[in-house]
Amino acid sequence: MLATIPQQYLLRAQQQATILESLVPVPFDGFVYLSWRRGVMRALLVKNKLGFINGDYKNPDPDSSNYRWWDKYDDMVTSWILNSLAKEITDSVEYVTDAIELWKELEDRYDQTNGTKLYQIQKEINNLSQGALDITGY
């Protein structure tokens with residue numbers, strides 16, 4: 001018998017969304033993290049899904065009747081966040097196991113005073129070349 005959907009997982013008709021939805025109008029590209037973070041949190045709050053990234057909706061035991069619903073909606077929240085990131089960032093975090101792990105990974109990388117600058121420098125280092133040669137050919 002299928003368990004009843006727990007109230008916190010439901011989306012109201014006006015909140016219905018697809019897995020392809022982005023939570024914010026401009027994908028996060030490694031800059032202005034705090035502004036992007038605030039927009040994502042606001043969007044998840046409106047959808048009653050903030051609990052998936054702040055720990056309020058904990059992963060139930062896999063044998064629990066609620067596990068299937070939690071897993072489904074956690075995947076949806078994870079997809080929304082991934083769709084709210086620039087492709088380069090998505091590619092580096094797409095293998096996380098759940099929404100809270102993804103959120104913590106993004107916080108660890110970008111929620112620092114110099115996190116954005118560090119990302120930019122790492123990106124520039126990866127693109128270093130000497131004329132037509134890459135760094136190893138040089």
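The values are calculated or read from the model by the stated rules, or taken from the named source; none is laboratory data. What you see is a predicted model; the values in this text were computed from it and never measured. When we count neighbours, we look across all protein chains shown, and the Cβ atoms used for this are built from the backbone with ideal geometry, even at glycine.
Hey, does region 55-69 have a residue that's closer than 29 Å to Tyr119 by Cα, surrounded by fewer than 14 Cβ atoms within 10 Å (Cβ to Cβ) and free of Cβ contacts under 8 Å to residues at least 60 places away in the same chain?
Yes - at least one qualifying residue is present in region 55-69.
So that you can scan it fast, the table gives a plain yes or no per residue for (1) at pLDDT 90 or above; (2) of a type in the set (Asp, Glu):
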{"residue": "Asn48", "(1), (2)": "no, no"}
{"residue": "Gly51", "(1), (2)": "yes, no"}
{"residue": "Asn59", "(1), (2)": "yes, no"}
{"residue": "Pro62", "(1), (2)": "yes, no"}
{"residue": "Thr78", "(1), (2)": "yes, no"}
{"residue": "Val96", "(1), (2)": "yes, no"}
{"residue": "Leu106", "(1), (2)": "yes, no"}
{"residue": "Thr113", "(1), (2)": "no, no"}
{"residue": "Glu124", "(1), (2)": "no, yes"}
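Scan region 17-46 residue by residue and report those that are surrounded by 15 or more Cβ atoms within 10 Å (Cβ to Cβ), small (Gly, Ala, Ser) and modelled with pLDDT of 90 or more.
If the condition is that a residue be surrounded by 15 or more Cβ atoms within 10 Å (Cβ to Cβ), small (Gly, Ala, Ser) and modelled with pLDDT of 90 or more, then Gly30, Gly39, Ala43 are the ones that fit.
Of everything in region 87-127, what is of a type in the set (A, V, I, L, M, F, W, C) and within 11 Å of the chain's Cα centre (by Cα)? Give them in sequence order.
Those that are of a type in the set (A, V, I, L, M, F, W, C) and within 11 Å of the chain's Cα centre (by Cα): Ile89, Val93, Val96, Ala99, Ile100, Leu102, Trp103, Leu106.
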